[in-house]
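For reference, the structure discussed in these notes is given below.
Readers should treat all values here as calculations from the given coordinates under stated rules, not as data from a laboratory. In this text, all values refer to a predicted model and were calculated from it rather than measured experimentally. Here the Cβ positions follow ideal geometry from the backbone for every residue, glycine too, while neighbour counts run over all protein chains shown.
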Amino acid sequence: MFRWWRGIWSRPGPESKGPTAEASYVVLDTELTGLDDRKDGIVSIGAVRMRGGRIAIGGTFHELVNPSAVLDGRSVVIHGIMPSQVEAKPPIDQVLMTFMGYVGSAVLVGHCLSVDLAFLNREARRLTGKPFRNPVVDTLSLYGWLRHRFPDTQAFTASLPGLSLFDLAHLFDVQVAEGHTALGDAYITAQLFQRFLPLLAEAGVRDLTGLLRVGDPERQAENFIGPGGQAHF
């Protein structure tokens, strides 16, 4: 369980260069039957495209999946997707291939992205023999890095009940709908990322090389530890 911290996503390649303001991003979220990537499965994938800081409202991706794993009360409480809603939906094999075409070579962005990628890469390896090769950025890692650069900004000094997507959305005045869907959460993440980009530019991160470095999902813990060794949660 929770094998996603071992660097299972792909490292950025030569295409991961250029200004952040001109880059193509796909901001994604998944709904799952549970968090054990050995036996749980994907129930839904939602994503929105961005070009720099502009969200493409009309270019969304949202598909329900008939999961191979059991969809029980534990996960239904979280995402609200009932077994009857996915009975007639396509399996992950079909949905993932469509999603790969949607993603193309864009930078993948997500909140706690390594969790989503653990499941997406598992299925991608099974279907194609290789994981997603896209460069990746985690909004939680970005938030941790920005906290050190803007110590006088209220959003980065406020005490947080947690570091969930909704906790950070509240700090940055991103409206959260009552419903909890993969597409809705992807859109919230995109708006959070949209707010981070000018702050990153102000802090000197204006190209993809820097963005991928400070937004690396593996840097989450590092970004939240201060010079004195104290965690900034």
Open item on the list: Rg/Rh for region 134-180 to two decimals, with Rh computed the Kirkwood way over all alpha-carbon pairs.
Closed with: 1.01
- [ ] Mind giving me the nanometre distance, one decimal, between the label points for T209 and D36, set 7 Å out from Cα along Cα→Cβ?
- [x] 4.4
Task: Local electrostatic count, V26, Cβ distance below 12 Å [Lys/Arg +1, Asp/Glu -1] - done: 0
TODO: Per residue of region 28-38, in order, report the coupling 6.51 cos²θ - 1.76 cosθ + 1.60 (Karplus, θ = phi - 60°) as ³J(HN,Hα) in whole Hz, putting x for Gly and Pro.
DONE: 10, 8, 10, 10, 10, 6, x, 9, 8, 6, 8
Open item on the list: In Å, what Kirkwood hydrodynamic radius results for region 103-170 from the alpha-carbon pair distances?
Closed with: 13.8
- [ ] Could you work out the mean projected area of the convex hull around the alpha carbons of region 21-223, in square nanometres to one decimal?
- [x] 11.3
Open item on the list: Using a Cα-Cα cut-off of under 26 Å, which lysines could be cross-linked to K39, ignoring same-chain neighbours fewer than 8 residues away?
Closed with: K89, K130
TODO: Kindly rank 151-159, 195-203, 165-173, 183-191 from highest to lowest mean number of other beta carbons found within 10 Å of each residue.
DONE: 183-191, 195-203, 165-173, 151-159
